[in-house]
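To start, the structure itself, in structure tokens.
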Amino acid sequence: MPFLAWATAFLLVPAGALLIGAFRTQDGQFTTEFVKDIFKGSSLDAYQKSIEISLITAALGGALGFLIAYAALSPGAPRLLRPAFLTFSGVAANFGGVPLAFAFISTLGTVGLATRALDSMGLNPYDHGFTLFGFWGLVVTYLYFQIPLMILIIAPAIDGLKAEWREAASNLGATSTQYWRYVGIPVLLPSILGSMVLLFGGSFAAYATAYALTSGHIPLVPLKIGELVSGNVLSDPHQAYALAFGMVIVIAVAMSIYFVLDRRASRWRRAVQ
Amino acid sequence: MTKSGWFWIAVGFLYFFLPLAATAEFSLKDGDSYSLAAYREIFDDPQFRDTFFVSLKLAVVTIIVALLLFIPTVYWVHLRLPHLRPLVQFLCALPFVVPPIVLIVGLLYFWNYQRVPSSLLGSPYYLVPGYVVLAFPFMFFALDNAFRAIDVHTLTEASQSLGAGWTRTLWRVILPNISSGAIAGAFLTFALVMGEFTMASLALFNTFPTYINYIGQTKANPAAALTIISFGITWLALLGILLVGRRPGRAAVQVGGAR
């Protein structure tokens, strides 16, 4: 099959070569030095920052995305909201990279629209330690694709939440809080956590937005790899291969967690059908 | 609907539209008044036309290659080789695990000057193999959904018992029935390639997204104008999918994209 050949030549082999390259020196000797370096100094900092920002944007994006999705897609919501939110989410989730960074510079940059509006209310965020070009600025920007991504991924799970369950609960005298505590949350939790893991992966892999927004001031793993490869720093490219290898490991771990959660979530999908 | 429900809907709308409104305002700003000067500056820039056409060509080639790879593959997986489905599905989900930055570093490392003729090494078409890989999930899930909706076996048997060969069956019978999936996959791939920055930038090619970044380092208002143009492309692609009758939002098809 040509597809298998293509996948082998342009995905499996380059990824495999990278894996081997992570354990090699420039002249082909075996070494574990580069991989060990991941756990030291600036590399370790980069992984910590990358994981930190991914966890925060996954948690915030997941929570906000779920609340918005539930409000817009649950049976009580007006009909028109559903296609509107799914379409907007599709667009926003696919809108990323460099233009996203510029959109937020126009919004929350030092002279951005929102900054000026807040300033006229005496609440300039830059007077309170916020900067778009720092860690929290990046969080706010990433949320622009994390929230809609969450809406898209969680939508089927919300659709699976049967109205009968809610009715049954209230017939048995349950309050709204009790319904969420004993029915809603337990049913949805694996889906919500699983979706958050996917958001984590998306944010961990992101390069362009961070590159354009922070010009490398925040040490993130993809930015560090980019720096090493594009030759801004005189150093061994095998260092970059080791960092890339580490990224694949982190995402592979995240994906394994996703599959466990997804299996739990699918119990309810089967029960529903 | 509850009050808190409306609150969250308002939050969603605000988060979606505020950055767009701010960018639009910024792109129209001309000193103290408003004008289309920033847009004129972009459209008059020969670099804009050059890089835009490079990305356009890359998108078209990527879509053609991906369709040629995937239509027969998904067809055979549905018709004859269902036991290969887990493997194909796994390979198509892999680009989620291997980020674009890792993919391009691997491609540059393995497919270097020793293995690739220098004419291709210096041409932006060098990016196509990697872009096709990035398109795997979009194409596969879009086509897989389309094939699921038709009875592949009956259509194939009917076509062949009427004397059509494989090519004719695929071209005249199967393709018209899965065209909505093919178009959805093509539009998503289009949006992907037109916005792909990471791989182009690391491989040092000048494409539309790297041009946007370059303008962003030098001119603020034209950068905002380019952002609006880029957003418009994403809109058109997604609207295209809607028009051919495919709702965006069925989970896996939409996940990902190039950041």
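The table below gives the values:
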quantity	calculated
For B:19-31, mean number of other protein chain Cβ atoms within 10 Å	5
GNM result for chain B, Cα springs below 10 Å: residue of B:Tyr113, B:Tyr75, B:Tyr15 fluctuating most strongly	B:Tyr15
In order through segment B:38-45: 3J(HN,Hα) via Karplus (6.51 cos²θ - 1.76 cosθ + 1.60), integer Hz, x for Gly, Pro	4, 5, 4, 4, 5, 5, 7, 7
Packing-based ranking, highest mean first, of B:58-70, A:117-129 given that Cβ atoms within 10 Å are counted	B:58-70, A:117-129
Between segment A:75-138 and segment A:189-239, the alpha-carbon center distance in angstrom	21
Equivalent ellipsoid dimensions for segment B:1-70 as semi-axes, Å, which come from the Cα gyration tensor, largest first	35, 28, 5
Rg over Rh [alpha-carbon atoms, Kirkwood Rh] for segment A:60-118	1.09
Radius of gyration and maximum dimension Dmax of segment A:93-136, Cα, Å	11.3, 35
Phi to ³J(HN,Hα) by Karplus 6.51 cos²θ - 1.76 cosθ + 1.60 over segment B:120-137, Hz, x for Gly, Pro	7, 4, x, 9, x, 5, 3, 6, 4, x, x, 5, 4, 4, 4, 7, 2, x
Average partner coverage of B:89-97, which counts Cβ from other chains inside 10 Å	4
Cβ neighbours within 10 Å from other chains - mean over A:68-79	4
Debye log10 I(q)/I(0) at q = 0.12, 0.17, 0.28 Å⁻¹ for segment B:109-168, Cα point scatterers	-0.59, -0.74, -1.09
Computed [θ] at 222 nm, deg cm²/dmol, the protein assembly as shown (DSSP H ≥ 4; -39,500 (n - 2.57); rounded to nearest 500)	-23500 deg cm²/dmol
When the protein assembly as shown is reduced to its Cα atoms, the Kirkwood hydrodynamic radius in Å	24.4
Sequence-distant residues sharing a close amide H with A:Arg24 (under 5 Å, placed H)	A:Thr31
Translational D in µm²/s for segment B:123-199 (Stokes-Einstein at 25 °C, 0.890 mPa s, Kirkwood Rh from C-alpha pairs)	175
Rg/Rg_ref, chain B, where Rg_ref = 2.2 N^0.38 Å and atoms are Cα	1.18
Proximal lysines relative to A:Lys40, as straight alpha-carbon distance under 21 Å, when same-chain residues fewer than 8 apart are discounted	A:Lys49, A:Lys224
Isotropic mean projected area of the C-alpha convex hull, segment A:80-209 (nm²)	10.7
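Rule-based calculations on the coordinates, nothing more; no lab input. Only a predicted model underlies this, so the values are computations on that prediction, with no experimental measurement involved. Using ideal geometry, Cβ is built from the backbone for each residue, glycine included, and neighbour counts are taken over all protein chains shown.
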